[in-house]
Amino acid sequence: MVDGTGNDVTEATPPVEVPADEIPEGVPGTSRAIETNGVRLHVVEAGPDDGKLLVLLHGFPEFWYGWHETIASLANAGYRVVVPDQRGYNLSEKPPEVADYRIDELARDVVGLIDAYGREETAVAGHDWGAAVGWWLALHHADRVSELVAVNVPHPTVFERALRNSWRQRRKSWYVLAFQIPRLPEAVARAGNWRIGVRTLRETSDPGTFGEDDFRRYRRAWNRDGAFEAMVNWYRAIVRDRPEPATSRVEVPTLVIWGADDPFLEKRLAGESVDYCADGRLLTIDDATHWVIHEDPHRVAKAVADHADPLPPGARE
């Protein structure tokens, strides 16, 4: 099979061995590796083979597991749910160059996944960096995206304008510049058994959102050879490349979900993002943070299911 980028799309062996407990008990799904756009991506898939395709994209510093509490609900709603480790993360391949993590490449990875499942299009839901990839897909591969759900990352034009004009947003995004320093971010992150990463997740989320098993899984993913460097290279690539979307108008039906207490992003960016959508809606969750897919996974899953479904919202009941 050939994907939309002209590359062969085949089922492949994962770049590293899949741990026996990779998928937690109670989470439906199986692991698979797909070679697409020049990389092998590990994916977790669940739901009926003939269900509507729904790709869930994680952000930093997570991996497919970031969506694990939504998978059962979405699979039970009838979706063919596909949750990749995006390139550089966890069990997926980790290309060595910063240029390998340009946003165009990240979007083409998802186009290849759509082809690998023999589909013309997919619904896409992304959180954090996954939302950034989702926005880019909707802007540059609109014919392959049926619906978009963007969780706690704004439209790229909105975000670029905020970084250019808002000192408040610049202060919130200080870490993006810190990640540009060679090798140092990786060394600092590893110190104390990934102390900073664990502390950041704990302190920027609602109390009790992440437990010890979550942190064990994240440490294991971050500790894989080349993983954290690859994860940081996403930030290095976006700063070096400074891509501008070919168009700013999103024609794909779009739902923006926003945890209002996000410490990394100004709340106003959510509404401004909807303004760039021909068919856009905003769901604000007032008592949630940037990590809303963990804090209120069932509400997020229901919102995704209702948005992507051809039935009117609530018609499943």
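The values are calculated or read from the model by the stated rules, or taken from the named source; none is laboratory data. Remember, predicted model here, so these are calculated numbers, not experimental data. Here the Cβ is made from the backbone with ideal geometry for all residues, glycine too, and neighbour counts use every protein chain on show. Surface areas here come from the heavy atoms of the whole protein model, side chains and all, with no ligands, DNA or RNA. Shrake-Rupley method; radii C 1.70, N 1.55, O 1.52, S 1.80 Å.
Structure data summary
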| quantity | calculated |
| --- | --- |
| Proximal lysines to residue 302, defined as alpha-carbon separation beneath 29 angstrom and excluding residues fewer than eight positions away on the same chain | 52, 267 |
| Estimated [θ] at 222 nm from DSSP helical runs (n ≥ 4, -39500 (n - 2.57)) normalised by residues in the chain, nearest 500 | -11500 deg cm²/dmol |
| Percent accessible area from carbon and sulfur atoms, the range 1-152, protein chains only, probe 1.4 Å | 43 |
| Three-way shape call for the range 253-303 based on the alpha-carbon gyration tensor, with the a/c threshold at 1.5 | oblate |
| Highest-MSF residue in the chain out of 28, 207, 243 [GNM, Cα springs under 10 Å] | 207 |
| Within a Gaussian network of the chain (alpha carbon springs, distance under 10 Å), most fluctuating of 120, 69, 212 | 212 |
| Where the range 114-211 is the region considered: accessible area per residue in Å², 1.4 Å probe | 46 |
| Extension reserve of the residue 168-residue 184 stretch, reckoned as 0.36 nm per residue once the Cα distance is removed | 3.2 nm |
| Long-range HN-HN contacts of residue 153 with modeled amide H, under 5 Å | 128 |
| Value of relative contact order over the range 183-317, rounded to a whole percent, pairs C-alpha under 8 Å and six or more apart | 22 |
| Most to least packed among 245-257, 223-235, 193-205 [average Cβ atoms within 10 Å] | 223-235, 245-257, 193-205 |
| Under the span-like rule (Cα at least 18 Å along the axis, Kyte-Doolittle mean at least -0.5), DSSP H helices of the chain | 103-116, 184-203, 227-241 |
| Amide H contacts under 5 Å for residue 53, placed H, 5+ residues apart | 80, 123 |
| Nearest-20 debye value, the chain charge dipole, Cβ charges on Lys, Arg, Asp, Glu | 1260 |
| Accessible area in square angstrom per residue, the range 59-112, 1.4 angstrom probe | 24 |
| Taking the C-alpha atoms of the range 115-210, convex hull volume expressed per residue in Å³ | 166 |
| For percent of Cα pairs over 31 Å apart, calculated from these coordinates, the label among (i) 23; (ii) 49; (iii) 30 | (i) |
| Top of 192, 112, 88 by mean-square fluctuation, Gaussian network on the chain, Cα under 10 Å | 192 |
| Exposure rank, largest accessible area first [206, 213, 262, 275; 1.4 Å] | 275, 213, 206, 262 |
| Centre separation in Å (Cα based) which lies between the range 156-200 and the range 45-72 | 26 |
